[in-house]
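The values are calculated or read from the model by the stated rules, or taken from the named source; none is laboratory data. Bear in mind that the values here come from a model prediction, so they are computed numbers and not experimental data. A quick note on method: Cβ atoms are made from the backbone with ideal geometry, for glycine too, and the neighbour counts reach across all protein chains shown. Heavy atoms of the whole protein, side chains included, go into the accessibility calculation; ligands, DNA and RNA do not. Shrake-Rupley method; radii C 1.70, N 1.55, O 1.52, S 1.80 Å.
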Amino acid sequence: QNYLDNFWPDLKAAHELLESIVQARREREAESQDNNGKEYPEHLAVEILEAGIKSGRYIQGTLNVNKHRAQLEAFVRLQGFGSKETG
């Protein structure tokens with residue numbers, strides 16, 4: 001803000017862009033506070049997930065995403081399956 005005010009006071013488009021960015025950040029921070037600091041809201045309550053995992057309705061694992069093809073390649077590694085730590 002200071003840079004624009006001092007060096008580009010008449011550049012209206014830049015000031016509008018900055019205000020848009022500031023507003024978007026405020027909205028994102030407000031959403032984050034509403035979601036207890038999480039970027040995305042939970043879809044199911046923790047209690048429902050835990051009961052579903054215990055009953056076998058849901059599975060629990062680690063999501064692995066290919067960093068070079070993130071939109072195309074991902075898989076879930078199930079806990080206790082295929083790890084070297086079992087035994």
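So here's what we get for this one:
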read-out: Spacing of the two label points (7 Å from each Cα toward its C-beta) at A70 and E50, in nm; value: 3.2
read-out: Gain on full stretching of the segment that runs from D10 to S32 - 0.36 nm per residue minus C-alpha separation; value: 4.5 nm
read-out: Potential lengthening between H43 and Y3 on full extension [0.36 nm per residue; Cα-Cα distance subtracted]; value: 10.2 nm
read-out: Ordering of 60-71, 12-23 by packing [mean C-beta count within 10 Å, highest first]; value: 12-23, 60-71
read-out: Y3, Y58, reordered so the largest accessible area comes first (probe 1.4 Å); value: Y3, Y58
